[in-house]
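Note sheet for the following structure.
The values are calculated or read from the model by the stated rules, or taken from the named source; none is laboratory data. All of these numbers come straight from a predicted model, not from anything done at the bench. A quick note on method: Cβ atoms are made from the backbone with ideal geometry, for glycine too, and the neighbour counts reach across all protein chains shown.
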Amino acid sequence: MSSLLDNLNPEQLAAVTLPSQHALILAGAGSGKTRVLTTRIAWLIQTGNASPNGLLAVTFTNKAAKEMLTRISAMLPINIRGMWVGTFHGLCNRLLRAHHRDANLPQLFQILDSQDQLAAVKRVLKAMNVDEERFPPRQVAYFISAAKEEGKRPRDIEVTDEFTRRGVDFYSAYDEQCQKEGVVDFAELLLRSFELLARNEPLREHYQARFRHILVDEFQDTNRLQYRWLRQLAGRDNTLFAVGDDDQSIFRFRGANVGNMAEFEHDYKVQNVIRLEQNYRSHGNILAAANALIAHNSRRLGKNLWTAAGEGEPIRVFEAASDGYEAAWLVEEVQALSREGMAYRDMAILYRSNAQSRIMEHALFSNGIAYRVYGGQRFFDRVEVKHALAYLRLLANPDDDGAFLRIVNFPTRGIGARSIEQLQDAALAASSSLYKAVPSVPGKAGTSLGAFVRIIETLREETRDLPLPEVVGALLEKSGLLAHYQSERDGADRVENLGELVNAAAAFVQEEGEGDLATFLAHAALESGENQAGEGTDALQMMTVHSAKGLEFHAVFITGLEEGLFPHEQSVMEDDGLEEERRLAYVAITRARTRLYLSFAQTRLLHGQTRYNIASRFLDEVPDGLMKWLTPRLGSALSQEPAWQPQAAAPRSSQKDPGHGFRIGQSVAHAKFGQGVIVSAEGSGKDARLQVNFGRQGMKWLALEYAKLVPV
DNA sequence: AATCCGTCTATTTTT
DNA sequence: TAGACGGATT
């Protein structure tokens, strides 16, 4: 018993052992937030205050949810499988599956990700003959999602202008289409389950009686609807335990409402507000910088982090003449750290926007440094995977017109736009889904469509009793998808990804202990598949500041600290925009444990134009005494003196490569293609791929591992 | 159905 | 500058 509470500081202990009352835990960066949350759960169970079934714990990411479950099961010998620990979307999905009838959904309803949603909106607009110039689908999709996240249906929206008026129409039509097709988007998952509980009193009371303790992670990121959802489940008698940090609220543009923290305190007359202010992550100087910076924000709940660790090293500041030099300097610094014994995986390069990563990747690659970029294309988002999933979706739910349209002619089977039009007319007349309307289409169009339906039906027959991975395998064969990509010139990657999908299905069955198709599809929609390969390798980490939230590294490089970039020029216009940028900088700084670098460049190539930026105001907001300038402190980035020059040649050209022996511009020979020259490269280590110009043989992308290139 | 070509537009994005 | 997209062309 005592071991559970060992080594907690007084505030953590207080939070963990709070009586059953509402609580707001203001947990600063690196203050042991997850630990408090999980220990609280373990403590509640161990002391008999709650049963595993009586708990509801909500997070934003699957990763956080998984981490929580892992830690809980390490602390307690209980079966975590039945526990309601998950993301808002995951839990809502669970709720709606269990009560699909009450929620007015088909049992096998499908989930649309943002891409699918956009496609669905486009179909609605097309059907309504809307001018996409005046009403861009993206904006309409955003309008709909935003409305849902405010908890609003079309009839609840106050119409003030033309766009809103039409937007409401589109929203209605879109909802109708989704309902007909048996699909729900992300926001709908939440709104639908909220409405379900609001409408259905017995059900609401059932869950309220069950979840005596509701715990929320990253509370500052909740939107209005999520807060209402929580309040509804909490009812009058249950306790809400919310953990969050207003200083780390960086997702306002996605609907997050920091105000929920103050509202929660007010709505529930929260007596227990506990501040976790001891930081266990960063050295003193780093923390002091973070504190000084964030102090420039108004409207804070107030909190000051401190650490028992010493001051540590000063924060290193670097001014580069250009983005290219910044990258070249990074390479040298990273190599120096590596020589000192730091692993690459313990270093992170952070940037404000994704576009910045390229030049740094180039420099790293040219120097043979393994790196890994986070937040790129995710597995389940790839076209070929989405195509395959669409077949599965159609198997599970023939009414899914979105899935139908995606694959009816892919791979091509002679079903053109005219056939589709005829089919759509028929479907409209019969008010049925496209799939079901196929038999009523006459003539040649009917035959080719019929052939498609037969493929699906055969597939359905033949896979009825097969385990999930084999279903996927059969689909890949019978649909012709695999053959299609196998015969495509650059299809090797895609073929591999399709094979990976079979593996994903197998892994899913193994982990979840069930092989239900609809559950797998929900999994694919809700977990975009971030846990890709390459996690074990020692690679430098690169990501945007947003995706760094929740992580920590020994050494952190915050790059591109320039006015216009960070803070971003678009944010400075919005109200509260600058403060959010500052919070972003705060998050970035607090990722660092022992060493922190801040860098900026005098010139930067953006959108094909050279831009001259001045140093970010955030640099001025960090006290001078904490910083050590690696370049002469010039005061302004616009000074006439060129800043640092790399020891090696110009950064954009080729450099020596100790890692894999190849560099851009190098001549190489290939067994089949003959001689060529390396023009570009991506990835690193085992995953490295080189683009080689073989002259007459053309341009080829080659995997370094297999290509057996010889330098000439 | 595939390819080409001009036009447009460039934050962040847990689900 | 580069990529994504839509429309026109073959």
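Per-structure values
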| item | result |
| --- | --- |
| Matching entry among A:SER145, A:SER172 (being outside any loop (DSSP other than H, G, I, E, B) and away from DNA strand B (no atom under 16 Å from the Cβ)) | A:SER172 |
| Cβ pairs under 6 Å, 6+ apart, first in the range A:30-54 and under 12 Å from A:LEU276 (Cα atoms), second surrounded by fewer than 23 Cβ atoms within 10 Å (Cβ to Cβ) and basic (Lys, Arg) | A:GLY30/A:ARG281 |
| Candidate set from the range A:231-249 (those that are within 16 Å of DNA strand B (Cβ to nearest atom) and buried (at least 22 other Cβ atoms within 10 Å of the Cβ)); member that is farthest from A:THR544 (Cα to Cα) | A:ALA242 |
| Complete set of residues in the range A:123-134 that are within 16 Å of DNA strand B (Cβ to nearest atom) and within 18 Å of A:GLU421 (Cβ to Cβ) | none |
| Selection within the range A:253-267 - assigned to a helix (DSSP H, G or I) and either near DNA strand B (Cβ under 8 Å from one of its atoms) or surrounded by 20 or more Cβ atoms within 10 Å (Cβ to Cβ) (or both) | A:PHE253, A:ARG254, A:ASN260, A:MET261, A:PHE264 |
| Leading residue by the ranking (modelled with the lowest pLDDT) among those in the range A:423-442 that are at negative phi and small (Gly, Ala, Ser) | A:SER440 |
| A:LEU498 more than 17 Å from A:LEU108 (Cβ to Cβ), touching a residue at least 40 places away in the same chain (Cβ under 8 Å), part of a helix (DSSP H, G or I) and out of contact with any Gly (no Cβ under 9 Å at 6 or more places or on another chain) | yes |
| Filter result (in a strand (DSSP E or B) and either without any contact (Cβ under 8 Å) to a residue 12 or more places away in the chain or hydrophobic (A, V, I, L, M, F, W, C) (or both)) within the range A:58-116 | A:VAL58, A:TRP84, A:VAL85, A:ILE111, A:LEU112 |
| Scan of the range A:303-347 for residues that are among the aromatic types (Phe, Trp, Tyr) and closer than 15 Å to A:TYR371 by Cα, ordered by number | A:TYR344 |
| Answer from A:ARG300, A:ARG281, A:ARG345, A:ARG275 - the residue that is in a loop (DSSP other than H, G, I, E, B) and surrounded by fewer than 20 Cβ atoms within 10 Å (Cβ to Cβ) | A:ARG300 |
| Odd one out for A:TYR351 among (1) buried (at least 21 other Cβ atoms within 10 Å of the Cβ); (2) over 24 Å from A:THR603 (Cα atoms) | (2) |
| Filtered residues of the range A:355-375 (kept if touching a residue at least 12 places away in the same chain (Cβ under 8 Å) and either surrounded by fewer than 15 Cβ atoms within 10 Å (Cβ to Cβ) or away from DNA strand C (no atom under 16 Å from the Cβ) (or both)) | A:ALA355, A:LEU364, A:ASN367, A:GLY368, A:ILE369, A:ALA370, A:TYR371, A:ARG372, A:TYR374, A:GLY375 |
| Subset of the range A:254-313 [of a type in the set (A, V, I, L, M, F, W, C), within 30 Å of A:PRO19 (Cβ to Cβ) and without any contact (Cβ under 8 Å) to a residue 60 or more places away in the chain] | A:ALA256, A:VAL258, A:ALA262, A:TRP306, A:ALA308 |
| Subset of the range A:408-439 that is of a type in the set (D, E, K, R) and within 16 Å of DNA strand B (Cβ to nearest atom) - its residue that is farthest from the chain's Cα centre (by Cα) | A:ARG418 |
| Search result, residues across the range A:117-142 that are basic (Lys, Arg) and part of a helix (DSSP H, G or I) | A:LYS122, A:ARG123, A:LYS126, A:ARG138 |
| A:LEU405, sole failed condition from (1) away from DNA strand C (no atom under 16 Å from the Cβ); (2) under 30 Å from A:THR463 (Cα atoms) | (1) |
| A:VAL502 being touching a helix residue (DSSP H, G or I) at 6+ places or on another chain (Cβ under 6 Å), surrounded by fewer than 20 Cβ atoms within 10 Å (Cβ to Cβ), under 19 Å from A:ARG460 (Cα atoms) and modelled with pLDDT of 85 or more | yes |
| The listed residue being within 25 Å of the chain's Cα centre (by Cα) and buried (at least 18 other Cβ atoms within 10 Å of the Cβ), out of A:GLU181, A:GLU149 | A:GLU149 |
| Subset of the range A:567-596 (residues that are under 12 Å from A:VAL545 (Cα atoms) and either over 23 Å from the mean Cα position of the chain (by Cα) or of a type in the set (Val, Ile, Thr) (or both)) | A:VAL587, A:ILE589, A:THR590 |
| Pair list, Cβ < 8 Å and 6+ apart or interchain, from the range A:604-620 residues that are within 10 Å of DNA strand C (Cβ to nearest atom) to residues that are modelled with pLDDT under 90 and part of a strand (DSSP E or B) | A:LEU605/A:ARG611 |
| Residue selected from the range A:185-195 under the condition among the hydrophobic types (A, V, I, L, M, F, W, C) and out of contact with any Leu (no Cβ under 7 Å at 6 or more places or on another chain), by the criterion farthest from A:GLY402 (Cα to Cα) | A:ALA187 |
| Meets criteria (more than 20 Å from A:GLY513 (Cβ to Cβ), buried (at least 16 other Cβ atoms within 10 Å of the Cβ) and touching a Leu at 6+ places or on another chain (Cβ under 8 Å)) for A:VAL85 | no |
| Meets criteria (in a helix (DSSP H, G or I) and either modelled with pLDDT of 90 or more or under 30 Å from the mean Cα position of the chain (by Cα) (or both)) for A:GLU461 | yes |
| Qualifying positions in the range A:425-438 - surrounded by fewer than 13 Cβ atoms within 10 Å (Cβ to Cβ) and out of contact with any helix residue (DSSP H, G or I) (no Cβ under 7 Å at 6 or more places or on another chain) | A:LEU428, A:ALA429, A:SER431 |
| Residue check, A:ALA601 more than 8 Å from DNA strand B (Cβ to nearest atom), farther than 21 Å from A:GLY324 by Cα, surrounded by 20 or more Cβ atoms within 10 Å (Cβ to Cβ) and of a type outside the set (D, E, K, R) | no |
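A quick yes/no check of all residues on (1) over 30 Å from A:SER433 (Cβ atoms); (2) within 21 Å of the chain's Cα centre (by Cα):
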| site | (1), (2) |
| --- | --- |
| A:THR307 | yes, no |
| A:MET342 | yes, no |
| A:ILE349 | yes, yes |
| A:LEU364 | yes, no |
| A:ARG382 | no, yes |
